[in-house]
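For reference, the structure is listed below as structure tokens.
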Amino acid sequence: MGRAFLIVIDSVGIGGAPDADQYFNGDVPDTGANTFGHIAQARAEAGIPLKVGALDALGLGAAVELASGMKIPGLNENPTGAWGAATEKSNGKDTPSGHWELAGVPVPWEWHVFPNTNPAFPPDITKAICAAAGTDGILGNCYASGTQVLDDEGPAHMTSGWPICYTSVDSVLQIAAHEDTFGRDRLIKLCKDIAPMLHKLKLGRVIARPFVGDAKNGFERTEYRRDFAIAPPSDTLCDMAHAAGHRVEAIGKIGDIFSMCGIDEVYKGHDAALMGHLNDRVDSAPDGTFVFANFVEFDSLYGHRRDVAGYAAHLEWFNAELSRILPRMRGDDLLIVTADHGNDPTWIGTDHTRERVPVLVYGIGSKQLGQVAFVDVGASVAHHLNIPFTGEGRSFL
């Protein structure tokens, strides 16, 4: 049976989504977006080929070409892993949709989103936030970048004590507050208290965004983000594994995304710390363990900020770490590297992009998987762990 490691490199799409024309950044459809492809292309044009040999050996270059037809300069490894490209069914390009579907459960409803107006939130929601926060008002109340809104509203927040509330095209309400003057625990309680009201609207997440700093030296978000996500509509791979007696360990924001359903242990922190936890679980997790990991900084630090150089460097960092992990895998282990959506840093706007994602598999030899579905990933992990699988999808093992 061995163990199973499902690693989501958040937002590393590979283009080619057949319905990309129905998803937008501003007024521009996502048609042609290709997160990994365009990053690699930019580096090649600069004369600095992207160094992702371990990912390429698993089949990343081949998966990009399969998904989108783009051939990446410098990626010509004959894959030694199993590789394919996965297409999403859910009507969204957001975190919960991608992760739930990877775990066998497509989203059966339309997500609630707030209008791109100022104010963005209706009076009853603003009133509920104020009541839970114990304040006379809120700041922001608009579509905003999570870092820009701190520059814009941070000084007023420090003076008034009002929470900074903002949203985007995703189904989300984010609340930022200063760890010292407002209080981290107070912010997390505020988000937890209002989340049920938002979940009834089918809003995907209420996110607590604590930050530190001051107006003179600048503000900076901390690692203590908390996502209060709506519960999945039915049992996911995590629930199935847990019910079958397997230990389920979540690295990164997985516990938040799945509302802790079926999760036994959570490890959190910045991506570097998360990689330390993953390395520890590779060395120490007992047979039968399911480790589900998300590395969010591809998305949060580089994709949304349209930072091509930073995204490229993070890909090379992850590749180097993966090259040290793979030789330590046990003979009956399964490891899958995939993503939940795209976030092309060369694209217009600041939002996710609708793309196919890579499916790179270590532990079943060299194999072309072809075009698969997100749900097939969960079905394959269940197959490997001999778990009764009640979700959608079929195993590609």
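For the range 260-284, a residue qualifies if it is among the small types (Gly, Ala, Ser) and surrounded by 19 or more Cβ atoms within 10 Å (Cβ to Cβ), and exactly one does: Gly262. Counting only strands (runs of 3 or more DSSP E) wholly contained in the range 183-290, the ones carrying 1 or more residues that are touching a Pro at 6+ places or on another chain (Cβ under 8 Å) and within 26 Å of Ser171 (Cα to Cα) occupy 205-214, 218-221, 226-229.
Being in contact with a helix residue (DSSP H, G or I) (Cβ under 9 Å, 6 or more places away or on another chain), in contact (Cβ under 8 Å) with a residue 24 or more places away in the chain, in a helix (DSSP H, G or I) and within 18 Å of Leu58 (Cβ to Cβ) is true of Leu326. If you go through the range 24-48 and keep only what is assigned to a loop (DSSP other than H, G, I, E, B) and touching a strand residue (DSSP E or B) at 6+ places or on another chain (Cβ under 7 Å), you end up with Asp30, Ala33. Restricting attention to the range 1-36, the residues being in contact (Cβ under 8 Å) with a residue 60 or more places away in the chain, surrounded by fewer than 18 Cβ atoms within 10 Å (Cβ to Cβ) and either touching a helix residue (DSSP H, G or I) at 6+ places or on another chain (Cβ under 6 Å) or within 26 Å of His277 (Cβ to Cβ) (or both) number 2. Scanning the range 308-323 for residues that are surrounded by fewer than 24 Cβ atoms within 10 Å (Cβ to Cβ) and either touching a helix residue (DSSP H, G or I) at 6+ places or on another chain (Cβ under 7 Å) or under 29 Å from Phe24 (Cα atoms) (or both) gives Val308, Ala309, Gly310, Ala312, Ala313, His314, Glu316, Phe318, Asn319, Glu321, Leu322, Ser323. Being within 25 Å of the chain's Cα centre (by Cα), closer than 18 Å to Asp227 by Cβ, in the same structural domain as Pro210 (by TED's automatic domain parsing) and not in a loop (DSSP other than H, G, I, E, B) is true of Cys165. Please enumerate the residues belonging to the range 139-162 that are part of a strand (DSSP E or B) and either in contact with a helix residue (DSSP H, G or I) (Cβ under 6 Å, 6 or more places away or on another chain) or farther than 22 Å from His199 by Cα (or both). Hits for the range 139-162 are Leu139, Gly140.
Checked against the criterion of being in the same structural domain as Met197 (by TED's automatic domain parsing) and either within 19 Å of the chain's Cα centre (by Cα) or crowded, with 24+ Cβ neighbours inside 10 Å (or both), the candidates Ile129, Ile72, Ile39 yield just one match: Ile129. Only one of the numbered conditions (1) under 23 Å from the mean Cα position of the chain (by Cα); (2) hydroxyl-bearing (Ser, Thr, Tyr); (3) farther than 20 Å from Asp287 by Cβ is not met by Ser395, and that is (3). When we screen Asp332, Asp340 for residues that are crowded, with 16+ Cβ neighbours inside 10 Å, outside any helix (DSSP H, G or I) and of a type in the set (Asp, Glu), the only hit is Asp340.
Taken together, the residues in the range 168-181 that are out of contact with any helix residue (DSSP H, G or I) (no Cβ under 7 Å at 6 or more places or on another chain) and over 12 Å from Ala208 (Cα atoms) amount to 5. Looking across the range 43-57, just one residue is among the β-branched types (Val, Ile, Thr) and surrounded by 15 or more Cβ atoms within 10 Å (Cβ to Cβ), and that is Val52. Restricting the first member to the range 113-138 and to residues that are farther than 26 Å from Asn25 by Cα, and the second to residues that are among the hydroxyl-bearing types (Ser, Thr, Tyr) and part of a helix (DSSP H, G or I), the beta-carbon pairs closer than 9 Å and six or more apart or on different chains are Thr135/Ser160; Asp136/Ser160; Gly137/Thr126; Gly137/Ser160; Ile138/Thr126.
The values are calculated or read from the model by the stated rules, or taken from the named source; none is laboratory data. Bear in mind the structure is a predicted one, so any value in this text is a computation, not a measurement. We place every Cβ from the backbone using ideal geometry, glycine too, and count neighbours over all the protein chains shown.
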